[in-house]
1. Report those helices (runs of 4 or more DSSP H) wholly inside the stretch 16-111 carrying at least 3 residues which are modelled with pLDDT of 90 or more.
2. Given (1) modelled with pLDDT of 90 or more; (2) assigned to a loop (DSSP other than H, G, I, E, B); (3) among the aliphatic types (A, V, I, L, M), identify the lone condition not met by Ile7.
3. For the structure I just gave you, tell me whether Arg39 is within 26 Å of Asp99 (Cα to Cα) and basic (Lys, Arg).
4. Please enumerate the residues belonging to the stretch 15-41 that are surrounded by fewer than 12 Cβ atoms within 10 Å (Cβ to Cβ) and hydrophobic (A, V, I, L, M, F, W, C).
5. Find all pairs meeting these conditions: Cβ atoms under 9 angstrom apart; at least six residues apart or on different chains; first residue within the stretch 30-49 and in contact (Cβ under 8 Å) with a residue 40 or more places away in the chain; second residue in a helix (DSSP H, G or I).
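The values are calculated or read from the model by the stated rules, or taken from the named source; none is laboratory data. These numbers were taken from a predicted model, which means no experiment stands behind them. Cβ: placed from backbone, ideal geometry, glycine included. Neighbour counts: every protein chain shown.
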Amino acid sequence: MTEEGQINRSSLLVMAFELEGLCTGLRCTVPNGLTPSVRTIAIMNRLLREFSEKVEGCALDELPELSEDASPVDLLIIAEMLRSALMSFLTPDERDARDRTFGFGAAQDGR
């Protein structure tokens, strides 16, 4: 891909997309009694670590690493907390881009 065709996104915005996908998956599986796999827990732990490394003064810094015995409901709640907290760190333009990508935001003038 040429440089002019590249799209650059902040690491927090990319995390927002990752968390949205994770939360969607958990919202679909947890109510059906399905238990997230070891891979899902590993993804959540990576996102928790990356978020903690990028922001300061966040309550999520106190969360322990998740283990295989974490309940599916706890995983969903922690993922939703992380998603909500991350949203507070996105710029207004990033929140707009995120919302428009998922079809919720209104089209902006001149874009």
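1. Numbers: elements: 38-54, 72-87, 92-101.
Where helices (runs of 4 or more DSSP H) fall fully within the stretch 16-111 and carry at least 3 residues being modelled with pLDDT of 90 or more, they are 38-54, 72-87.
2. So the condition that Ile7 fails would be (1).
3. Details: within 26 Å of Asp99 (Cα to Cα): no; basic (Lys, Arg): yes.
The answer is no for Arg39.
4. Scanning the stretch 15-41 gives Cys28, Val38.
5. The qualifying pairs are Val30/Pro72; Val30/Val73; Val30/Leu75; Val30/Leu76.
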